[in-house]
Amino acid sequence: MPKIVFSILILFCLTATAQQKYMDYNNQLISERDLEQHYKGRNYFAIETSIPNVTKLILRTQEDTLQQVESLYAHLEEITGQTLERDKMLAIIYYPGLDTCNDRGSINFGTRKLWYKEMERKLNRIADINTVYIYKNDEGLKKWRKANWTEDKNQIIERLFFKYHYPCGSFTVVHPSGHYKSGLGEYSKSWVWKLTEDLVQAH
């Protein structure tokens, strides 16, 4: 598994050595201009690659459009058993498996259950939305527990939105048009709400 390092380094640290190169989420080389415009002062993950002196930088907020959004709704219905209305948005809460981030602290079942309940309550005020809970590996999931966690069969959700093991967990919010925004790595309720509000305003 590639090593992920959370980084908010300022720009001169990124360009300290002339030989070091950087790729973006889609494996395209990042120019110095792009470093200045898109990464300076923003939160991202730095991921080691197998290519010498090349590091992949992934912004923690990702945005794109799915071409086959109907297939996503249908797949989630199949694996969760939920009926997902096509005119409603999707909130996908994703648990990648046990790591040092989600294994820390002493949050109990009741506290976590309340956390999800509060998150969903405000989500439903922001938009008409379906919320689903997906996991890759259920080790350590007990204290994160919510009633309906579902295994990511065939890693469809992982391949679409969460290509690496981002620490703690991640989420994505999908508009019926296919337009989505993802928050990668440890997240707060307010971040889920903010990206949902952004999508509502965009449509």
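Just so it is clear, none of the values below were taken in a lab; they were calculated from the coordinates. Keep in mind that what you see is a predicted model, and the values were worked out from it rather than measured. In this analysis, Cβ positions are derived from the backbone assuming ideal geometry, glycine residues included, and neighbour counts consider all displayed protein chains.
Extension gain for the segment LEU141 to HIS165, taken as residue separation times 0.36 nm less the Cα-Cα distance, is 7.1 nm to one decimal. A Cβ-based charge dipole, computed about the Cα centre of the chain with Lys and Arg at +1 and Asp and Glu at -1, lands at about 660 debye. Simple point charges give the picture: +1 on the Cβ of Lys and Arg, -1 on the Cβ of Asp and Glu, and for region 48-92 a dipole about the Cα centre of about 220 debye.
For the residue pairs LYS122/LYS163; LYS153/LYS194; LYS56/LYS181, the alpha carbons lie more than 25 Å apart in LYS122/LYS163; LYS153/LYS194.
The value of relative contact order for the chain, using C-alpha pairs under 8 Å at least six residues apart, is 22 percent. The angle between the Cα long axis of helix 109-126 and the main principal axis of the chain comes to about 90°, on a 0 to 90 degree scale. Using the rule -39500 (n - 2.57) for each DSSP H run of four or more residues, divided by the residues of the chain, the 222 nm mean residue ellipticity is -8000 deg cm²/dmol. Here region 151-203 is assigned +1 on the Cβ of each Lys and Arg and -1 on the Cβ of each Asp and Glu. Its dipole about the Cα centre then comes out at about 80 debye. Debye-formula intensities of region 63-202, expressed as log10 I(q)/I(0) at q = 0.16, 0.18, 0.19, 0.22 Å⁻¹, are -0.80, -1.04, -1.17, -1.61 (one equal scatterer per alpha-carbon, no solvent).
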